[in-house]
1. Of a type in the set (F, W, Y) and within 20 Å of T15 (Cβ to Cβ): does that describe Y133?
2. Does region 165-182 contain at least one residue that is more than 16 Å from ligand 1 (Cβ to nearest atom) and either surrounded by 15 or more Cβ atoms within 10 Å (Cβ to Cβ) or free of Cβ contacts under 8 Å to residues at least 12 places away in the same chain (or both)?
3. Checking the conditions here, which among L206, L189 is of a type in the set (A, V, I, L, M), crowded, with 19+ Cβ neighbours inside 10 Å and out of contact with any Gly (no Cβ under 6 Å at 6 or more places or on another chain)?
4. On the basis of being more than 17 Å from S121 (Cα to Cα), modelled with pLDDT under 95 and of a type in the set (A, V, I, L, M), does A211 make the cut?
5. More than 30 Å from K40 (Cβ to Cβ) and not β-branched (V, I, T): which single residue out of A185, A139 fits that description?
6. Just wondering, is there one or more residues in region 52-71 that are surrounded by 14 or more Cβ atoms within 10 Å (Cβ to Cβ), of a type in the set (D, E, K, R) and over 29 Å from E153 (Cα atoms)?
7. State whether the residues of region 65-80 include one that is away from ligand 1 (no atom under 14 Å from the Cβ) and either within 15 Å of L5 (Cβ to Cβ) or touching a Leu at 6+ places or on another chain (Cβ under 8 Å) (or both).
8. Does region 30-51 hold any residues that are within 25 Å of Q16 (Cα to Cα) and either within 10 Å of ligand 1 (Cβ to nearest atom) or touching a residue at least 12 places away in the same chain (Cβ under 8 Å) (or both), and which are they?
Amino acid sequence: MKLILLGAPGAGKGTQAEIICDRLGIPAISTGNIIREAIKTGTEAGLKAKSYVDSGGLVPDEIVVDMLKERLAQDDCKDGYVLDGFPRNVAQAQTLDKMGVVIDRVIDIEVSDERIVNRMSGRRVCSSCGSSYHTVYKAPVKKPGFCDRCGGELTIRSDDKPETVRERLNVYHDQTEPLKDYYHAAGKLFIVEGQEELEDTTKLTLAAIEA
Ligand code: ADP
Ligand code: ZN
């Protein structure tokens, strides 16, 4: 099973991707997490990517595509995966096609811009494993401020500040949203209305995968 999760920044793709992966036993591949990790470690690609992430823009395709190829070549990807945050423009989708990657379904999680902006302030991410949390919708259950999965400290992403969120939303509408047409034309698009409660979105997402 190869899935793509589409949706605006903060629509809940990362959270749903983690849940689907636990359920289907396939890895969630977040290019955002891979990029943040590369920035943290200070790799050459990470250094190149940093200014784009900080400004809310897209990292150049060739950098992200190289990172993705390296990740997909790993052993755990052989039975499928969930892509979260890739592709983010039509050129990246065409690259996937050229790589011979056959996607089964594309799940688009729809959330209004207004709700996105309201939600972003509560977003937290594990500084160690990259798992996503939210102060209201998905607080850690074991120890406040620390990751349930690995115990790492939860932090606020630097690109979650309101100005950058607005820029990321612009980029989403301009560059990523056209992918809905691209995958609709391929007969692969499934739309999920993002719900107030995370569990309700999960139910709809799993229904879209299993339908
Ligand atoms: P969100 O879904 O909340 O926007 P991500 O973690 O997916 O966050 O992405 C964070 C940032 O990483 C993006 O704003 C962008 O700069 C960069 N990025 C992630 N994936 C891609 C991609 N496929 N192509 C280009 N840039 C990307
Ligand atoms: Zn963690």
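1. Against the criterion (of a type in the set (F, W, Y) and within 20 Å of T15 (Cβ to Cβ)), Y133 qualifies.
2. Yes, because at least one residue in region 165-182 is more than 16 Å from ligand 1 (Cβ to nearest atom) and either surrounded by 15 or more Cβ atoms within 10 Å (Cβ to Cβ) or free of Cβ contacts under 8 Å to residues at least 12 places away in the same chain (or both).
3. Every option except L189 fails the conditions.
4. yes
5. Testing whether each residue is more than 30 Å from K40 (Cβ to Cβ) and not β-branched (V, I, T) leaves just A185.
6. Scanning region 52-71, I find at least one residue that is surrounded by 14 or more Cβ atoms within 10 Å (Cβ to Cβ), of a type in the set (D, E, K, R) and over 29 Å from E153 (Cα atoms), so the answer is yes.
7. Checked region 65-80: at least one residue is away from ligand 1 (no atom under 14 Å from the Cβ) and either within 15 Å of L5 (Cβ to Cβ) or touching a Leu at 6+ places or on another chain (Cβ under 8 Å) (or both).
8. S30, T31, G32, N33, I34, I35, R36, E37, A38, I39
The values are calculated or read from the model by the stated rules, or taken from the named source; none is laboratory data. Model, not experiment: these values are computed from the prediction. Positions of Cβ are backbone-derived with ideal geometry, glycine not excepted, and every protein chain shown enters the neighbour counts.
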